[in-house]
Amino acid sequence: MLRWQWDGYARYHTSRANLLSHFVLVPLFLAGNLAALSGLLHGSIVLALTGTTAMTVSIALQGLWHRNEAVPPEPFTGIGNALARIFLEQWITFPRFVLSGGWVRALTAPQSNPK
């Protein structure tokens with residue numbers, strides 16, 4: 001799944017608005033993920049709920065910003081597919097996209113068909 005996600009990632013991330021939103025919203029998801037896990041491990045329902053809320057808001061907003069893309073993402077095929085794709089994108093594929101220079105290239109590329 002990581003290979004499939006990586007191979008199409010640049011195609012589904014060309015809108016400047018979406019790219020900029022990911023730069024803020026992916027770290028929000030990661031922080032929420034860590035907060036939720038920490039809350040569960042330490043018995044803090046408030047921290048667990050805060051983290052879960054941050055993750056939910058992040059994914060919902062990323063979904064909205066993806067509407068700016070000329071090529072929409074592939075639909076999820078089920079709950080397992082959705083969870084796997086979301087967690088892999090947030091923890092591995094997007095950070096890899098940033099570190100490889102793909103994010104900057106996409107951000108500075110001419111916008112041929114923005115929505």
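Taking region 11-115 as the region of interest, the helices (runs of 4 or more DSSP H) fully inside it that hold 3 or more residues being over 21 Å from MET1 (Cβ atoms) are 16-42, 45-65, 102-108.
ARG11: among the charged types (D, E, K, R), crowded, with 17+ Cβ neighbours inside 10 Å and touching a residue at least 60 places away in the same chain (Cβ under 8 Å), yes or no? No; evaluated as a whole, the condition is false for this residue.
Of the residues in region 66-92, how many are surrounded by 13 or more Cβ atoms within 10 Å (Cβ to Cβ) and modelled with pLDDT of 95 or more?
The number of residues fulfilling the criteria is 11.
Conditions first: (1) more than 22 Å from PRO27 (Cα to Cα); (2) aliphatic (A, V, I, L, M); (3) in contact (Cβ under 8 Å) with a residue 40 or more places away in the chain. VAL98 passes all but one, so which condition is the exception? Every condition holds for VAL98 apart from (1). Among the residues in region 46-62, are any surrounded by fewer than 16 Cβ atoms within 10 Å (Cβ to Cβ), more than 21 Å from THR93 (Cα to Cα) and hydrophobic (A, V, I, L, M, F, W, C)? Yes, the conditions are met somewhere in region 46-62.
The values are calculated or read from the model by the stated rules, or taken from the named source; none is laboratory data. Remember, predicted model here, so these are calculated numbers, not experimental data. Cβ: placed from backbone, ideal geometry, glycine included. Neighbour counts: every protein chain shown.
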